[in-house]
Amino acid sequence: MEKIELTKALAQGQQMLAEVTHESGGVRASKCYQCGKCSAGCPVAFAMDKTPREIMRLLQLGLMEEALKSHTIWLCASCDTCSTRCPREVDIAKVMETLRIIAKKKGYVAEKKLDQFHDLFLKSVERNGRVYEMGLVLGRNILGMQPFKDVELSPAMLLKGKLALLPHTIKDNGEVKKIFANVRKRGGKV
Amino acid sequence: MSDKVKKMQEIAREILEKGEAKVVIGWEKGTHWYLSPPAFIDKPEEVERLVWDDFCHNNLSKYLKDYVNHEGKVAIFVKGCDSRAFNRLLQDKQIERDKVILIGIPCHGLKDQDKAKELGENADIPKAKKCVECRYPNPLVYDYFIGEEKALDEVAAASEARDFSDVEAIETLSPDEKYEFWNKQYERCLRCYACRNVCPACSCRECIFDQTRVGWIGKANNASENQFFALTRAMHVAGLCIECGECERVCPMNIPIMLLNKKLIKDINLLFGPYDAGVDVDGKLPLGHFDKNDPEEFM
Amino acid sequence: MSVKEAQANWEPKILVFACNWCTYAGADLAGLSRLQYPPNVRVLRVPCSGRVNPQFVIRAFQRGIDGVLVAGCHPGDCHYVTGNYFTRRRYLLMQRLLQYVGVDPERFQARWISGSEGPKFQQVVKEITEQIRAMGPNRKLRDAQ
Amino acid sequence: MKYAYYPGCSLSSTGIEYDMSTRKVAKALGVELWEIPEWNCCGASSAHLTDHLLALALPARNLAIAEEQGLDMAIPCAACYVRTKATEVEVKSSEEMQKTISEVIERKYTGQSRARALLDVFVNDVGLDSINALVHKPLKGLKVVSYYGCLLVRPPKYGFDDPEDPQSMDKLVEALGATPVDWAFKTECCSGAHAIAKSEVGLPMIEKILAAAKESGADCIATACPLCMCNLDMRQGQAGSKFGRSYNLPVFYFTELMGIALGIKPEELGVNKHFVDASGIIKKLNEAEGRRETA
Amino acid sequence: MKRVGVFICHCGSNIAGAVDCEKVAENAKSFPGVAFSTDYKYMCSEPGQELIKKAIKDHKLDRIVVASCSPRMHEPTFRRCLESGGLNAYLLEMANIREHCSWVHPDDKEKATWKATELVRMAVAKVLKNEPLQRSTIPITKRALVIGGGIAGIQAALDIANAGHIVDIVEKEPSIGGKMAQIDKTFPTLDCSACILTPKMVEAANHPNINLITYSEIENVEGYVGNFDVTIRKKARSVDMTLCTGCGTCMQKCPTKVPSEFEMLMTDRRAIYTPFPQAIPNKPVIDRKNCRYFTTGKCRVCEKICPTKAVDYTQEDELVTQRYGAIVVATGFDLFDHSVYGEYGYGKYKDVITGLHFERLINASGPTMGKIKRPSDGKVPKDVVFIKCVGSRDEAKGKAYCSKTCCMYTAKHATLVREKIKDSNVYVFYMDVRTPGKGYDEFYTRTTDQFGAKYIRGRVSKIYEKGDKLIVRGEDTLLGRPVEVEADMVVLATAMVAQPDAAKLAQMVGFSYDQDNFYTEAHPKLAPVETHTAGVFLAGACQGPKDIPESVAQASAAAAKACGLLSKEEMPTEPIVSCVNEAICAGCGMCVPVCPYKALDLKVIQERAHGKTITRKVATVNSGLCQGCGACTVACRSAALNLKHFTNEQILAEVDALCL
C-alpha cells in the first residue's frame, strides 16, 4: 500500500480545504470525529469506492485529489440521511455537492454518465425553461453513444401520455435565460 | 367671589378656629394677575387671602416637608396632582398621614402662565399642557372636599389614554438629531436645581449633586455636566414622577423637562405594565421590585 | 501627534462592568481557554451587576469612553439571588433613555454571560468592538475638557 | 384557502396522474390552486449539484411570482418542494442573499411567500377531520405503507414532519379509511435520478424498498414524489427481473388514494396510467363497497 | 500622602510572553500615588511574596497593587501576604493581566502591554481609596445537611457523622440507596453492588449522629455559611413510621398494581410499597396518585390488614425548618432519554433497552430472576448489540460531553452476557474505548480477549425491526465498510445527565450550574468539591458524570470540607458589606425591598435640630446578613448607602483612571 506523506498532503490540501468550507457555506471537515454514522446509514454506500466518512477523512488530512477523483461524490444521491443523523452536525451531503462542483471545475469526472445527465438537464432548462424529458432521454442516448437502456419502457410511456415528444416550454423564456446569464456573470460554472 | 372660594375660606377658618391645624396652606393672589403663589395662613382672620383660580399651579404637598418636625397638624389644599404628590411623599416616608388635614379640590384644569403673560388678561388663554393631559383631576385622598365629587369624572374619562405624541416625535429622530436637540436644551441649564427642589419625587435629605466630596459631578456648568444632571435626575424620578409638571414650570430656562420624565413613564408602562405613580400608596415601586418574566433583551 | 494622526491611531476603548461571579468568571474562562478577542475592553469588577449605578455609566461617557457593557449572570442564576432582575429592569429603562437623548444603541449594551460562557464573552467583546470601531470615537455626553 | 400551484416538470409528463389527481382532489376539498403562470423548472436535481447560486435562483423566480400575489406555494413534487424550500430559507436567513437572488432573477423576492409541500397543506391546513368528513368511499381493508422518500422531510430544519418516522401520510391514509402499515423504510432513498443514468446502482436500492414493503404485508405503496413513483412503479418490473422476484405492488400518489376515497372516478385521477396494474385493488375496493351498500 | 506599591508578575512566560512586564512596571511609576514599582517572575511564589513584604517595609508602602492572574485565583494569597507584611488585607487591589490580557491577546505585544498598563492604572486609582476593613465573626451551627441519599450522600453523611457532627440526609424517594441500589454488579471487580451498598445504608440508618429524612424535598433555603435555614417538605407517607413494623402484609394485600420505577417498569409494585426489598427505612409509603382509596374513595384494605394500625390516610405534608452550618449536595444524575433518536426507533422497539434496564435483567432479584430474557417475548437473546455514546458526545441530539462510565459498564455488560449465555454473540459499537482507572483497561482487554466480545468501531445509524430480529446498521470504520447485525436485543449506553430539577435546587440554595445543569465546582482543579457559595459542597454525579469510586472519593472530600467548617466555633465574616451614612439617609426605605437577604431595615434615631430633639427614620444594615452585593447602593438615590471595598468613590476613580 502506498504511503501517505502527511506533511506534504497537509500543506497542499489547506487551500482547497478552505475553498470547500467556503463554497459549502461554512461546513468544516475538522468537526467530523469519524464515527461512521453517515456511512452506516448511506443508502448508496454499497456502490461507493470510499465511504462518506472516508471522504471526510481525506479532507481532514488534505488529500484533496483523492477525494475529488472518487466515485463517491458522484454517487451521492443527496438524500441527506447522513446530514440528518450526524452527531457533529456536519452537513456531509453539502460537502459531497461542493466536492462535485469543484471536481467538475478541475475536470475530474469519475462518473461521466451521471455528469452528462445533469448537463443535459440544465441545458434543457436553459433552452426551454422547463425539462423536456424525452429530449433528455434521447440526448443522453446520443451523447453517451450507447443504447437507451430504458428503451423497453418508452413505447409504454408514450402510450400512457407520460413522455412528451415536443419540449414543454414557457412562452417567453427570456427570464430563465437571464438567470443563467446572471449566474455566469457572477462566476457560476454552468 | 365664587362659591368654591367661599367654601375654601370657610373650611380654613373652621380648621384654624378649632385648632385642628396650626397652619393652612393654600393659594393667594400674587403680584401679577397670572400668578397665584402659595399662602401659609395661621390666623383665622387671614383666610380671606385664600383664592382658587386658573393659576393655582403650585403643588403644595412638597411644602409639607418643612413641617415634619413641627408640632400639631398642617392643613393643605390638594388638587388631583397635589394629592398624587402627597401620596408620593407618604410612600417615601417623608410625611405622616395623621399629621396632615387634606382639603380636596377638584381641578378643571389650569391655564398656561406663560401664555397668559404673553396674551394679556382679556385674551382666550389656553390650558397648561400638563392639564390638557391630566388623568386625575379629582384628588385621590382628602379629609374635606370642596365641590361635587363626581363633577370631573367626565374630564378624567376624556383623557383616559395618555398622549405620548411629543415623546414619540423625538423617538423618531435620528440619534444625531436627538443628541442635537437635547444638547441645545441642556446647554441652557443653569443648574439652579429649581426643578429638583420643587419635585415631590425628590425627597433626599442631601442630593448627590450637592455631594462635592464624592465627586459625582463637577462644578463646571457645561453641556456634559448638565446632561449628567439631567439623565441622573430623570433616572432618580423614574417610576416616581406624578406628572405635576412643576419642574418644567419653575425652570427659568424653559427646558422641556417633562419630555424626559414622560419618556420614562412611557417605557415603564410599556415594559413593566400599567403604572401611575402616587396613586396606590401601598403598591410596589417599578424599580423596587421585578417580575421574573420581565422583557428579556440582554440574552 | 496631529489631530489627523490621533484619529488614525484611534483605538476604541470599551468599559465592561462585570459581576464577579458570572461574567468576570466567564472572562477568566475565555482566558483559560485562550480565546482571543480585541484588546480594547477593560473589565471593571463589581460584586453583582446590581451594583452598577447608572451614574457610573454616564460618567464613563463623560470621560470619553467609546462604549459601555454591563454584564451579569443570567436571570435566575444570580449569586445574590435577585440582583440581576433589578439590573434588567434598570437597564431596560436606561438603555431606552440613553437612546432617547441621542446615544447610539451600540454604545451602551447589556448582556448575560455566565461563568461557563467563555466563548460568549469572546464573541460579545468581538461584536461590540467591531460595532464601535465602525462608528468611530464617541463624542456624545463627552466633557469638552 | 388559496395557494399558488407549482406542478413542476414531472407532473406534465411522467407524473401526469399526480397533477390530475391533485387538481381534482383540491377542488373537492375546496382548495383553490392558482397555477403560477409561465413557471420554470426548479432545477432539481441537477442545479444544486452544479452551481449553488443557480440552484437557489431558479426556484426564486417562481416564489417571486407567488409573492406578488401574496400567496404561499403548494408543491406536490418532493424534489421541487425541497429545492424551493431551500431558497425560501436561505433568502429569509440573510439580507445579503435576498439582495443577490433578487439581482440574479431580476425580480423581488423577500421570503414572504413560503414553499409548502402539498401533503403538508392537505394534512395541516385542510385538516384530517375535514378530509375524513368528505370521504364517500372509505378505503376499508386496504393496507398501505406510506413512502415519504428522502426529500420530503429532510433536512429536519425545513421539515413539517419527523425526519426519521414521519406520520402525516400515515394519518392521512387512516383518515381515508385505509389501514396504515408501519415499516422502517419510510424515508429510505429510492436512488432518485440514478435509476435513469446508473441503473446498476439504482435498481438494488429500489429493490430493497419494494422487498420491505412486500414483507410488511401491505397491499400497496403510497408516495408523494414523482421520482419515487417512477422508480417504484415504472421500474418495478426491471427491479423484479434483475432480482428474480415479482412484487406486484401497486404504487399510488397519496392524492390518487384521496380521490378514490372522495368518490372520484379512478380514470379521472389517472390511475390507469400506472405501470403496475392497480385495477385489482380498485375492484376489491368496489366489491367491498358494494357489499356494504347491500348490507 | 498615600504610598502605593505596584508588583507586576510575569507568571513565567504566561504573562511575560505577551506583555512587556518591565515596561508596565516602569509606566506604573508615573501614576499618582505610586511610590514603588517592580516586576518579578512569580509573584505568588515564596520569594515573590517576600519581595512584597520587604518592599512594604523598605519603601513604607501602605497600599499594594499586584498585577497578575485573576483575583478569583490569588486574591486570598496576596491578602495573606499583606497581612504578614503588616498591612490590612483589604489595602490590596489586583489587576488581572493574565486571564484578561496576556492569554487573550498573545499576538500583539504592544497592545497587550498598553492594556496591562491601563488595568494597573485602574487598580492604582482604586487602591488609593481603599480603606482597611476588619473581619468580624459569626457562630457556626454544628449540624450538616446532606441532600440526596445515594452512595455519595450516604458516604458524605457517614464521614461527617463519624467526625462527631449531627447530619440530616434528605432523600426524595421513600428509601435511600439511589441508583447504585439498582445496579447488579460493579466494575472492574464484578462484586455485587447490593452487597457493598446495603451495609452502608444500614450503617447510616443506625448511626447515632445521622437522621434519615426520606420521602422529603428541600422547599426553601435561606441564610448563609454557618447558618443556613432550610425548610424541608416531608411528604405524607400515609403510614405512621412510629407504629409501622415493616412487616409488609399491606404490600401483599394491596389490590393496585403499578409499574415499578425501581425495576425500570419491567414488573409491578403495589400502590403501598417500598421501592425494593432491602429499602431503608423498610417501611412503606402510599403512592397517592395510584392508590385505589385516594383515587376512588373506596378500598382501605391496607388500613384493615395492618396489625399495628399504622396506615393513616389523613397524613399531610409537613414543613419543618432546621438550621445547618454546612450543606453537602449529592443529588446524583438521571439517564438520557433515548426516545429522541428516531433512527433507533424513538423508544418504541421493546427489545431496544438501556443499560439500567439491563442491570435489572441480570439482577437475581430483578423481574427475570437474573435470567437475561428480552422484554418483547421473554426469549433468551443470542445476538446482543451494545451501542455506546447514546446521547453522549452528540451535539446534534444529545450532550456534547463524554459520560465517562459507559465504556466500563458496557464492557461489564458484554462480559455478563457472554458469561450467562454460552452460545451468545456480543457486538459492541463504539467510537473510542476510554478506560483510565485502576484495573479498567485490563478489564476491557479481558472482555474482548477472554470473553470474545466483538468491538466494532463506528456509530450505529439505524435500527429497525424485521420479523423478530432487530437489524442494526453501522460502519466498521476500521475496515471502511458498512456492516449489519441481525440482533435479538440492543442495549443502549445512554448518557448520564443532570437531574431534571437540578437547576431549581441550585437556584434555591444559591450556587451555579453549567449549560448541562451539572453543578459548577469553585475551581476545576483546586476546589473540585466546593461551590462558589461558601458552606455548600458537592459530592457525586450532580457535579458531572462519575463512577462509584469517584463519587465515594468526592463524597469523602466534601465531608472533609464540611467537617473543617463545623469544627470551628465561629467563623470570620467578609467585611465587604453595605453601610449607611445616617447624616444623609432620608429614610425613604427604597433600599429595603431590593435586598435579597433582608439585611436592610429602617430604624428610628434621635438627633438635635434647631435646638430641639427630633426623631427620624434611617436605614440600617445587618452586617451578619449582608452578603455585599451592593443592590441597595443603587436603589439609594442620595448615595447614603455605600458598599465597602466597592464604594462609589472607588468605582468612579476606576472609571476616571481608565478614561484618561
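Within 14 Å of chain E (Cβ to nearest Cβ) and more than 24 Å from residue D:75 (Cα to Cα) - does that describe any residue in region D:231-248?
From region D:231-248, those within 14 Å of chain E (Cβ to nearest Cβ) are none; that's our starting set.
Within region D:231-248, none of the residues are within 14 Å of chain E (Cβ to nearest Cβ) and more than 24 Å from residue D:75 (Cα to Cα).
Can you say whether residue B:217 is in a helix (DSSP H, G or I), under 28 Å from residue E:619 (Cα atoms) and either β-branched (Val, Ile, Thr) or in contact with a Lys or Arg (Cβ under 9 Å, 6 or more places away or on another chain) (or both), as far as the supplied structure shows? Lay out the reasoning, then the answer.
On the way: in a helix (DSSP H, G or I): no; under 28 Å from residue E:619 (Cα atoms): yes; either β-branched (Val, Ile, Thr) or in contact with a Lys or Arg (Cβ under 9 Å, 6 or more places away or on another chain) (or both): yes.
Against the criterion (in a helix (DSSP H, G or I), under 28 Å from residue E:619 (Cα atoms) and either β-branched (Val, Ile, Thr) or in contact with a Lys or Arg (Cβ under 9 Å, 6 or more places away or on another chain) (or both)), residue B:217 does not qualify.
Inspect all residues belonging to region D:141-158 and state whether any of them is within 13 Å of chain E (Cβ to nearest Cβ), surrounded by fewer than 24 Cβ atoms within 10 Å (Cβ to Cβ), aromatic (Phe, Trp, Tyr) and under 27 Å from residue A:38 (Cα atoms).
There is no residue in region D:141-158 that is within 13 Å of chain E (Cβ to nearest Cβ), surrounded by fewer than 24 Cβ atoms within 10 Å (Cβ to Cβ), aromatic (Phe, Trp, Tyr) and under 27 Å from residue A:38 (Cα atoms).
So, of the residues in region B:110-135 that are of a type in the set (A, V, I, L, M) and part of a helix (DSSP H, G or I), which turns out to be farthest from residue B:27 (Cα to Cα)? Don't jump to the end; show me each part of the working.
Of the residues in region B:110-135, the ones of a type in the set (A, V, I, L, M) are B:110, B:116, B:119, B:123, B:125, B:128, B:132.
Remaining after also requiring part of a helix (DSSP H, G or I): B:116, B:119, B:132.
Details: B:116: 18, B:119: 23, B:132: 21 Å.
By that ranking, first place goes to B:119.
Does at least one position in region C:76-89 carry a residue that is within 7 Å of chain B (Cβ to nearest Cβ), crowded, with 24+ Cβ neighbours inside 10 Å and over 30 Å from residue B:172 (Cβ atoms)?
Scanning region C:76-89, I find at least one residue that is within 7 Å of chain B (Cβ to nearest Cβ), crowded, with 24+ Cβ neighbours inside 10 Å and over 30 Å from residue B:172 (Cβ atoms), so the answer is yes.
Being in contact (Cβ under 8 Å) with a residue 40 or more places away in the chain and either outside the structural domain of residue E:175 (by TED's automatic domain parsing) or hydrophobic (A, V, I, L, M, F, W, C) (or both) narrows it down to one of E:120, E:104, so name that one.
Values: E:104 fails: in contact (Cβ under 8 Å) with a residue 40 or more places away in the chain.
Exactly one residue qualifies, and that residue is E:120.
Of the residues in region B:182-214, how many are outside any loop (DSSP other than H, G, I, E, B), crowded, with 17+ Cβ neighbours inside 10 Å and within 14 Å of chain C (Cβ to nearest Cβ)? Lay out the reasoning, then the answer.
Our first condition is that a residue be outside any loop (DSSP other than H, G, I, E, B); within region B:182-214, this holds for B:182-187, B:194-198, B:208-210.
Cutting the leftovers down to crowded, with 17+ Cβ neighbours inside 10 Å gives us B:182-183, B:185-186, B:195-196, B:198, B:208-209.
Next cut, within 14 Å of chain C (Cβ to nearest Cβ) only: B:182-183, B:185-186, B:208-209.
Residues that pass the stated criteria total 6.
Any idea how many residues of region E:634-653 are assigned to a loop (DSSP other than H, G, I, E, B) and either acidic (Asp, Glu) or on the phi < 0 side of the Ramachandran plot (or both)?
Here is the first cut: in region E:634-653, the residues assigned to a loop (DSSP other than H, G, I, E, B) are E:636-640, E:644-647.
The next check asks that each one be either acidic (Asp, Glu) or on the phi < 0 side of the Ramachandran plot (or both); those that pass are E:636-638, E:640, E:644, E:646-647.
Total meeting the criteria: 7.
Does region E:579-596 contain any residue that is charged (D, E, K, R) and surrounded by 16 or more Cβ atoms within 10 Å (Cβ to Cβ)?
Of the residues in region E:579-596, the ones charged (D, E, K, R) are E:582.
Now drop any that are not surrounded by 16 or more Cβ atoms within 10 Å (Cβ to Cβ), which leaves E:582.
Yes: one or more hits.
So residue E:220 clears everything in (1) in contact (Cβ under 8 Å) with a residue 60 or more places away in the chain; (2) outside the structural domain of residue E:198 (by TED's automatic domain parsing); (3) of a type in the set (S, T, N, Q) except one condition, right? Which one?
Every listed condition holds for residue E:220 apart from (2).
So, residue D:213, is that one in contact with a strand residue (DSSP E or B) (Cβ under 6 Å, 6 or more places away or on another chain), in the same structural domain as residue D:148 (by TED's automatic domain parsing) and not in a helix (DSSP H, G or I) or not? So that I can check it myself, show each step before the final result.
Numbers: in contact with a strand residue (DSSP E or B) (Cβ under 6 Å, 6 or more places away or on another chain): yes; in the same structural domain as residue D:148 (by TED's automatic domain parsing): yes; not in a helix (DSSP H, G or I): no.
Judged against the criteria, residue D:213 is not a match.
Pick from C:111, C:142, C:42: which is at the interface with chain B (Cβ under 10 Å from one of its Cβ atoms), at pLDDT 95 or above and not in a helix (DSSP H, G or I)?
Values: C:142 fails: at pLDDT 95 or above; C:42 fails: at the interface with chain B (Cβ under 10 Å from one of its Cβ atoms).
After applying the criteria, what remains is C:111.
Answer with yes or no whether residue C:34 is free of Cβ contacts under 8 Å to residues at least 40 places away in the same chain, farther than 24 Å from residue B:286 by Cα, facing chain E (nearest Cβ under 7 Å) and not acidic (Asp, Glu).
Working: free of Cβ contacts under 8 Å to residues at least 40 places away in the same chain: yes; farther than 24 Å from residue B:286 by Cα: yes; facing chain E (nearest Cβ under 7 Å): yes; not acidic (Asp, Glu): yes.
In short, yes.
Name, by its number, the condition in (1) out of contact with any helix residue (DSSP H, G or I) (no Cβ under 8 Å at 6 or more places or on another chain); (2) within 14 Å of chain C (Cβ to nearest Cβ); (3) modelled with pLDDT of 95 or more; (4) surrounded by fewer than 24 Cβ atoms within 10 Å (Cβ to Cβ) that does not hold for residue E:557.
The failed condition is (2).
Of all residues in region C:45-94, count the ones that are among the β-branched types (Val, Ile, Thr), under 21 Å from residue B:267 (Cβ atoms) and not in a helix (DSSP H, G or I). Break it down stepwise before answering.
Step one: filter region C:45-94 for residues among the β-branched types (Val, Ile, Thr), giving C:46, C:52, C:57-58, C:65, C:68, C:70, C:81-82, C:87.
Applying the additional criterion that residues be under 21 Å from residue B:267 (Cβ atoms) yields C:52, C:57-58, C:68, C:70, C:87.
Narrowing further to those that are not in a helix (DSSP H, G or I): C:52, C:68, C:70.
Summing the residues that are among the β-branched types (Val, Ile, Thr), under 21 Å from residue B:267 (Cβ atoms) and not in a helix (DSSP H, G or I) in region C:45-94 gives 3.
Could you please let me know if residue E:93 is charged (D, E, K, R) and more than 30 Å from residue C:33 (Cβ to Cβ)?
Details: charged (D, E, K, R): yes; more than 30 Å from residue C:33 (Cβ to Cβ): no.
No: the conditions fail for residue E:93.
Would it be correct to say that residue E:562 is buried (at least 16 other Cβ atoms within 10 Å of the Cβ), in contact (Cβ under 8 Å) with a residue 12 or more places away in the chain and under 24 Å from residue E:72 (Cα atoms)? Break it down into steps so the answer makes sense when it comes.
Working: buried (at least 16 other Cβ atoms within 10 Å of the Cβ): yes; in contact (Cβ under 8 Å) with a residue 12 or more places away in the chain: yes; under 24 Å from residue E:72 (Cα atoms): yes.
Considered against the rule, which asks whether it is buried (at least 16 other Cβ atoms within 10 Å of the Cβ), in contact (Cβ under 8 Å) with a residue 12 or more places away in the chain and under 24 Å from residue E:72 (Cα atoms), residue E:562 comes out as yes.
Please determine whether any residue of region E:572-580 is more than 31 Å from the chain's Cα centre (by Cα) and either modelled with pLDDT under 95 or of a type in the set (A, V, I, L, M) (or both). Outline the logic, then answer.
Of region E:572-580, the ones more than 31 Å from the chain's Cα centre (by Cα) are E:579-580.
Restricting the remaining residues to those that are either modelled with pLDDT under 95 or of a type in the set (A, V, I, L, M) (or both) gives E:580.
Yes, region E:572-580 contains a residue that is more than 31 Å from the chain's Cα centre (by Cα) and either modelled with pLDDT under 95 or of a type in the set (A, V, I, L, M) (or both).
Could you check residue C:55 against (1) in contact with a helix residue (DSSP H, G or I) (Cβ under 6 Å, 6 or more places away or on another chain); (2) at the interface with chain E (Cβ under 7 Å from one of its Cβ atoms) and say which number it fails?
Unmet for residue C:55, out of (1) in contact with a helix residue (DSSP H, G or I) (Cβ under 6 Å, 6 or more places away or on another chain); (2) at the interface with chain E (Cβ under 7 Å from one of its Cβ atoms): (2).
For the subset of region E:458-476 comprising residues that are farther than 18 Å from residue E:382 by Cα and not in a loop (DSSP other than H, G, I, E, B), which member is farthest from the other protein chains (Cβ to nearest Cβ)?
Step one: filter region E:458-476 for residues farther than 18 Å from residue E:382 by Cα, giving E:458-462, E:474-476.
So of that shortlist, the ones also not in a loop (DSSP other than H, G, I, E, B) come out as E:462, E:474-476.
Working: E:462: 5, E:474: 4, E:475: 3, E:476: 8 Å.
Looking at residues that are farther than 18 Å from residue E:382 by Cα and not in a loop (DSSP other than H, G, I, E, B), I get E:476.
Test each condition in (1) surrounded by fewer than 24 Cβ atoms within 10 Å (Cβ to Cβ); (2) at pLDDT below 90 for residue A:64 and report the one that comes out false.
With respect to (1) surrounded by fewer than 24 Cβ atoms within 10 Å (Cβ to Cβ); (2) at pLDDT below 90, residue A:64 is out only on (2).
Table: residues versus (1) assigned to a helix (DSSP H, G or I); (2) surrounded by fewer than 22 Cβ atoms within 10 Å (Cβ to Cβ); (3) in contact (Cβ under 8 Å) with a residue 24 or more places away in the chain.
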site	(1), (2), (3)
E:361	yes, no, yes
E:373	no, yes, no
E:377	no, yes, yes
E:380	no, yes, yes
E:386	no, no, yes
E:389	no, no, yes
E:408	yes, no, yes
E:414	yes, no, yes
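Just to be sure, is residue B:61 in contact with a strand residue (DSSP E or B) (Cβ under 9 Å, 6 or more places away or on another chain), closer than 23 Å to residue B:127 by Cα and in a loop (DSSP other than H, G, I, E, B)?
On the way: in contact with a strand residue (DSSP E or B) (Cβ under 9 Å, 6 or more places away or on another chain): yes; closer than 23 Å to residue B:127 by Cα: yes; in a loop (DSSP other than H, G, I, E, B): no.
Answer is no for this residue.
From the list E:502, E:541, which one is surrounded by fewer than 23 Cβ atoms within 10 Å (Cβ to Cβ), hydrophobic (A, V, I, L, M, F, W, C) and away from chain A (no Cβ under 14 Å)?
Details: E:541 fails: surrounded by fewer than 23 Cβ atoms within 10 Å (Cβ to Cβ).
Exactly one residue qualifies, and that residue is E:502.
Checking the structure you have, find out if any residue of region B:37-44 is touching a residue at least 24 places away in the same chain (Cβ under 8 Å), surrounded by 14 or more Cβ atoms within 10 Å (Cβ to Cβ) and over 20 Å from the mean Cα position of the chain (by Cα). Reasoning before the result, please.
Residues of region B:37-44 that are touching a residue at least 24 places away in the same chain (Cβ under 8 Å), as a first pass: B:38, B:41-44.
Retained after the next criterion (residues that are surrounded by 14 or more Cβ atoms within 10 Å (Cβ to Cβ)): B:38, B:41, B:44.
Those still in the list that are over 20 Å from the mean Cα position of the chain (by Cα) too: B:41, B:44.
The answer is yes; a qualifying residue exists.
Note down all Cβ pairs under 6 Å where the first residue falls in region B:148-175 and is within 14 Å of another protein chain (Cβ to nearest Cβ), the second is modelled with pLDDT of 60 or more and outside any helix (DSSP H, G or I), and they're at least six residues apart or on different chains.
B:175/C:102; B:175/C:104
Tell me whether region E:599-606 contains one or more residues that are more than 11 Å from chain C (Cβ to nearest Cβ), assigned to a helix (DSSP H, G or I), crowded, with 16+ Cβ neighbours inside 10 Å and out of contact with any Asp or Glu (no Cβ under 9 Å at 6 or more places or on another chain).
no
The values are calculated or read from the model by the stated rules, or taken from the named source; none is laboratory data. Keep in mind it's a predicted model, so treat the numbers as computed, not measured. FYI the Cβ positions are ideal-geometry reconstructions off the backbone, even for glycines, and counts take in every protein chain you see.
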